[in-house]
1. Return yes or no: is residue B:259 surrounded by 16 or more Cβ atoms within 10 Å (Cβ to Cβ) and in contact (Cβ under 8 Å) with a residue 12 or more places away in the chain?
2. Hey, does segment B:168-191 have a residue that's within 16 Å of ligand 2 (Cβ to nearest atom), within 14 Å of another protein chain (Cβ to nearest Cβ), within 21 Å of residue B:6 (Cβ to Cβ) and touching a residue at least 24 places away in the same chain (Cβ under 8 Å)?
3. Quick check on this structure: which one of A:282, A:307 is closer than 30 Å to residue B:53 by Cβ and either within 14 Å of chain B (Cβ to nearest Cβ) or out of contact with any strand residue (DSSP E or B) (no Cβ under 6 Å at 6 or more places or on another chain) (or both)?
4. Listed residues B:26, B:36; which is within 16 Å of ligand 2 (Cβ to nearest atom), surrounded by 15 or more Cβ atoms within 10 Å (Cβ to Cβ) and in contact (Cβ under 8 Å) with a residue 24 or more places away in the chain?
5. Under the condition of being in contact with a strand residue (DSSP E or B) (Cβ under 6 Å, 6 or more places away or on another chain) and within 14 Å of chain A (Cβ to nearest Cβ), which residue from segment B:24-50 is farthest from ligand 1 (Cβ to nearest atom)?
6. Looking at B:47, B:125, which is the one that is buried (at least 19 other Cβ atoms within 10 Å of the Cβ), in the same structural domain as residue B:208 (by TED's automatic domain parsing) and within 16 Å of ligand 2 (Cβ to nearest atom)?
7. Checking residue B:72 against (1) at the interface with chain A (Cβ under 8 Å from one of its Cβ atoms); (2) surrounded by fewer than 21 Cβ atoms within 10 Å (Cβ to Cβ); (3) more than 22 Å from residue B:135 (Cα to Cα), which test does it fail?
8. Which numbered condition in (1) away from ligand 2 (no atom under 16 Å from the Cβ); (2) farther than 17 Å from residue B:31 by Cβ; (3) away from chain A (no Cβ under 14 Å); (4) surrounded by fewer than 20 Cβ atoms within 10 Å (Cβ to Cβ) is the only one that residue B:143 fails?
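The values are calculated or read from the model by the stated rules, or taken from the named source; none is laboratory data. Note that the structure is a prediction, hence the values are computed from the model and not measured. Counting neighbours? That spans all protein chains shown, and the Cβs are built from the backbone with ideal geometry, glycine included.
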Ligand SMILES: Nc1ncnc2c1ncn2[C@@H]1O[C@H](COP(=O)(O)OP(=O)(O)O)[C@@H](O)[C@H]1O
Ligand SMILES: [Mg+2]
């Protein structure tokens, strides 16, 4: 009996194993890696191993202990790897300006006295006055932990000061929050535009039959078969000052001079809304076709003006599709990179371009990962709101 | 005659080249229960939709209480429609569904609550007011749809095969319930069905539809006993149609010579004129089987072809050499083995002549 059930269970597990493996490999593992990257900060603890123990019980208020000073000298003398030293300088300098000059100078000095002076006997303050400033020691102590919330905080324009308290970064130091808010704002605009076009469009498609319906659906689906880059590039052409759109507006006499449609917010919203429209139309359409065709006639026979019937019957019933469509469009929009980069101006760049900058421009994987995590958190939060909204009675009925 | 509640005058409806309703005229009196009965595709729904305002007629006019309503949109026609699939609003509770037509008419809140409660009690579903339609059985949904169509006291109630989706027992119960409501509230009802027994059970009058025209209109008794055409005779219940030629017509009786040579006496309808080719309709339950004709006026010597037990009756298939017959025989009388010789006899009053 139990033999059989055990074998059955193993069999069942074997059946789902490939799927589980797939999920683990392509979803869980990259997420964990990104998460780890965003909080790991091993440079300083790796470069200054003895410092980790020496500074363990320092309270960060009193002057640095003799043991810490000796440990610093030992560790500086111990660094062979130039790359590691470079990383250390960069990391410490990002916590406290001044290390870029202080550390190489100190290293040269302590290296020179390697044979003559024991680590405990080196007078760091004589090498450079700055070592008497506790801020530098606080910076070192603050970066010794192999984990840091520095990137995550920086992703939302926060940081820790010398004593470890969380403070806001100055406006000139970081613009992540502004760009994040802009990302959400542009995404919301795109979602609204998609909704304004997609809802009537889906209703039209659902009301049609036969080839008319196929044509309408085909028209929204067709762009999905074209590369994102191509679609963006075609908007680039269409929206130019002497592009098709402006030419048409002028020849119709609607405008005298070309409208500024590209390298600004308008162009970005137009292009993104076009690209994301299918993700609004399809969920709404799929909900609409499940609504019995007799409901609107029923409402009319009960005395409802078509507008009232729409507001009281069709709209509430299509809300589930509207919610999923809006969620899909919004979530896809906050990750957009190519379209704002090509069609937007400097003031329209979204958070993805910042991520791309950190990832490919400055090799700061920690920051790139942290910003990614912030986006992920925002998406999950939205998804939870959606789940909560769609679990109410309307969905059940 | 008083102004009819509804008047269809020469209604025509075409979809492209397809003529679905063809010059149809019909008056419906206030308080009348009329059934539109006919096979699928005969145009019943189309006529109902023209009445409700969801379709516009290609030609002709529709009047309600003497006022032409062709130009009125559906929401201003004051007609309660019960759809076949109930068409309850899935996102509203039962109470909200029933309140809907009252809200559309701007009835005060307190009065709405009162009338919704009364409507729910009327269909015996007072306890269900806070449920959603998906939580109700088919029969309960049907009652709610009915309550919703009645609560605003429309001039006419239209029902398009409202009982089609229910099982037999529930359907028969609902037929009686709707009939009772009709009588108690004095409703004017236009009821579409393709089920002839349903139409016979419920209606004051039946309009038999065929290919976009009304073949015959009359009380259930008239339609059943005196079908005007072959189509009606065959569509309403089961019947035997025997071909023959009218020999003589005397007062209200006539003599018909059947193809097999025998003569029978029949009621002379309008179709009975001397030497006219006719069909004689005799209902299977009106034919008696026995060793002789007894007191019944007409007799045909026949052979039993087949005999099937049906619970409440025996269904016997006969052949008199020229025609086949179906007979519903009382099962308490003798069994009729295959090949047995038997006399099929029936009264002249039970024979109805139809033009062939
Ligand atoms: N919208 C339409 N377009 C074309 N033909 C239609 C349409 N609606 C109904 N018909 C046709 O009209 C005829 C009558 O339909 P209907 O009134 O629904 O019949 P019934 O209700 O008696 O079954 C059918 O042949 C049907 O195919
Ligand atoms: Mg129909």
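1. For residue B:259, the condition - surrounded by 16 or more Cβ atoms within 10 Å (Cβ to Cβ) and in contact (Cβ under 8 Å) with a residue 12 or more places away in the chain - is not met.
2. yes
3. A:307
4. Being within 16 Å of ligand 2 (Cβ to nearest atom), surrounded by 15 or more Cβ atoms within 10 Å (Cβ to Cβ) and in contact (Cβ under 8 Å) with a residue 24 or more places away in the chain holds for just one of B:26, B:36, which is B:36.
5. Taking the candidates together, the pick is B:48.
6. Just one listed residue meets the conditions, B:47.
7. Only one criterion in (1) at the interface with chain A (Cβ under 8 Å from one of its Cβ atoms); (2) surrounded by fewer than 21 Cβ atoms within 10 Å (Cβ to Cβ); (3) more than 22 Å from residue B:135 (Cα to Cα) is unmet by residue B:72, namely (1).
8. (4)
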